[in-house]
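So the structure is just underneath, and the comments pick up after that.
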Amino acid sequence: MSKQSYPRHLDLEPTPHVQGTVRLPGSKSISNRTLLLAALAGGNTHILDLLASDDTLVMLMALQQLGIKWEQGEGTQNYTVHGVRGVLPVHQADLFMGNAGTAIRPLTAALAVIGGDYTLHGVARMHERPIGDLVDALNGVGMRIEYTGMPGFPPLHIRRGQLNATTMRVRGNVSSQYLTALLMAAPLMSKTEAVTIEVIGELISKPYIEITLNLMRRFGVEVQRKGWQAFTVQPDQAYRSPGSIHVEGDASSASYFLAAGAIAGGPVRVEGVGRDSIQGDVRFVEALERMGATIAMGENWIEAGGNGPLKAIDADFNHIPDAAMTIAVAALYAEGTSTLRNIGSWRVKETDRLAAMATELRKLGATVEEGDDYLSITPPEQIRAAAIDTYDDHRMAMCFSLASLDGAARQGNRIRINDPKCVAKTFPDYFAVFAQIASQTLI
């Protein structure tokens, strides 16, 4: 089922058992970082298995507007990007960023450092997602970024600045994407002095910074670090193409299928990500194991199965906030109250995910306590039929597909997913793939 053919809602039939193998789409985090690094590098980069999604299309179109040439292999998700060695061919552009945080934040930093006359804007929700900490860090060293709407939020107008310092400071407790953006731009800033980024306070979502550092290394730039508090890029380092680079399967997307296997018997195997993944979200399986799932892993695959009710979990999910959403729905099938802690970053994602998750879980009969940065979920005796609102948030839609499994099946309760097309942000064919492991027809 393509994005274009999605109806206004999907009804998921109750499913008592799931089983099968899923080939994952490429990681969004790796895809958009790789596209920008390939564009900034010297030489041509062949990117294999790039994610096909709204967010990667946003990045591809922005790069094209900036004069960066790329080609897609016919009938494939393989791309060749022609790097510009940090010198953009186009110095003035109006760029539409959709709701892609992995595109707007790194591009903001790169464009501010390179200099020119650029405007960046997106959908209405993007203009509600904070970017002030990143802008403050860049303007603090001489860049010129202005707000054209509400201060602290996109849209942005970037003009040519003048670097006057080489130490930047950024808060770490709102979004790790700010630090990622500064890290990726740092090699463009100075040929003669080291550039240091200091993190103020706690850094959230540390595994995503590991992805950034790993990919920068693949493109020839080493970052020195003092724990999670300071990162330094020595002068005269430049991005250079690694020749070709393969995009891993998306570990966040893997979470839905692995949780399905744990909830409704399985086994379900995902291919494209495994024990050697550079993505922190593979640690999702540790939480599933704590809940009683059976997990097996290979170099490039993970498999999950279950036998009976899951166990409740009480854990800090600061390191895997996206995959933690899947645990919130899996908690419907656990015995006892589950508590997800340190997930305040949910509030500045595609929607306020803490509020949205609490609202939709209650529709299914769960008792939910919503705090500033935590969620406690006590499952109902039986899952109710419900129409789930998705808030134009791909992860809300994918997570709540799990509510059609096992417990819902025993009661014969159909789960309706409103606005299913929102999954196109990262996984356009999600519901068709989910239907395959559930052996059901979408209606």
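The values are calculated or read from the model by the stated rules, or taken from the named source; none is laboratory data. It should be emphasised that the depicted structure is a prediction, and the values quoted were computed from it without experimental measurement. Methodologically, a virtual Cβ is constructed for each residue, glycine included, from the backbone with ideal geometry; neighbour enumeration extends over all protein chains shown. Just the protein is used for accessible areas: all its heavy atoms, side chains included, with ligands, DNA and RNA removed. Shrake-Rupley method; radii C 1.70, N 1.55, O 1.52, S 1.80 Å.
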Output the number of residues of segment 80-95 satisfying the condition of being closer than 13 Å to Q64 by Cα and either open to solvent by less than 50 Å² (accessible area, probe 1.4 Å) or in a strand (DSSP E or B) (or both).
11
Residue that is nearest to the chain's Cα centre (by Cα) [pool: residues in segment 348-365 that are open to solvent by 20 Å² or more (accessible area, probe 1.4 Å) and among the aliphatic types (A, V, I, L, M)]:
V348
Please give the number of the condition A323 fails out of (1) within 26 Å of I204 (Cα to Cα); (2) of a type outside the set (D, E); (3) open to solvent by less than 10 Å² (accessible area, probe 1.4 Å); (4) modelled with pLDDT of 95 or more.
(4)
R85 meets each of (1) under 30 Å from E303 (Cα atoms); (2) in contact with a strand residue (DSSP E or B) (Cβ under 8 Å, 6 or more places away or on another chain); (3) among the basic types (K, R) with one exception, condition (1)
How do the pairs read when you match residues in segment 22-49 that are at positive phi with residues anywhere that are assigned to a strand (DSSP E or B), using Cβ under 7 Å and keeping only pairs 6 or more apart or on different chains?
G43/R240; D49/G26; D49/H246
Test each condition in (1) open to solvent by 10 Å² or more (accessible area, probe 1.4 Å); (2) out of contact with any Gly (no Cβ under 9 Å at 6 or more places or on another chain); (3) among the aliphatic types (A, V, I, L, M); (4) touching a residue at least 12 places away in the same chain (Cβ under 8 Å) for V368 and report the one that comes out false.
(4)
In segment 17-36, is there at least one residue being under 27 Å from D136 (Cα atoms), part of a loop (DSSP other than H, G, I, E, B) and not basic (K, R)?
no
Hey, among the residues in segment 54-79 that are farther than 14 Å from G98 by Cβ and β-branched (V, I, T), which one's farthest from the chain's Cα centre (by Cα)?
I68
Search segment 165-177 for residues that are aliphatic (A, V, I, L, M) and pair each with any residue that is in a loop (DSSP other than H, G, I, E, B) when their beta-carbon atoms are under 7 Å apart and the residues are at least 6 apart or on different chains.
A165/V141; A165/G142; M168/G140; M168/V141; V174/P130
Counting only residues that are among the aliphatic types (A, V, I, L, M) and over 30 Å from G220 (Cα atoms), which one in segment 1-46 is modelled with the lowest pLDDT?
M1
(1) within 22 Å of the chain's Cα centre (by Cα); (2) open to solvent by 20 Å² or more (accessible area, probe 1.4 Å) all hold for T337 apart from (1)
List the number of the failed condition for T390; all other conditions in (1) within 18 Å of the chain's Cα centre (by Cα); (2) open to solvent by less than 30 Å² (accessible area, probe 1.4 Å); (3) more than 29 Å from L203 (Cα to Cα) hold.
(3)
Where D281 falls short, out of the listed (1) open to solvent by 20 Å² or more (accessible area, probe 1.4 Å); (2) of a type in the set (D, E, K, R); (3) in contact (Cβ under 8 Å) with a residue 40 or more places away in the chain
(1)
Which pairs have Cβ atoms under 6 Å, sit 6 or more apart or on different chains, and link a residue in segment 339-361 that is more than 15 Å from V174 (Cα to Cα) to one that is part of a helix (DSSP H, G or I) and open to solvent by 10 Å² or more (accessible area, probe 1.4 Å)?
none
From E289, E271, E222, E299, residue being within 18 Å of S31 (Cα to Cα) and open to solvent by 50 Å² or more (accessible area, probe 1.4 Å)
E271
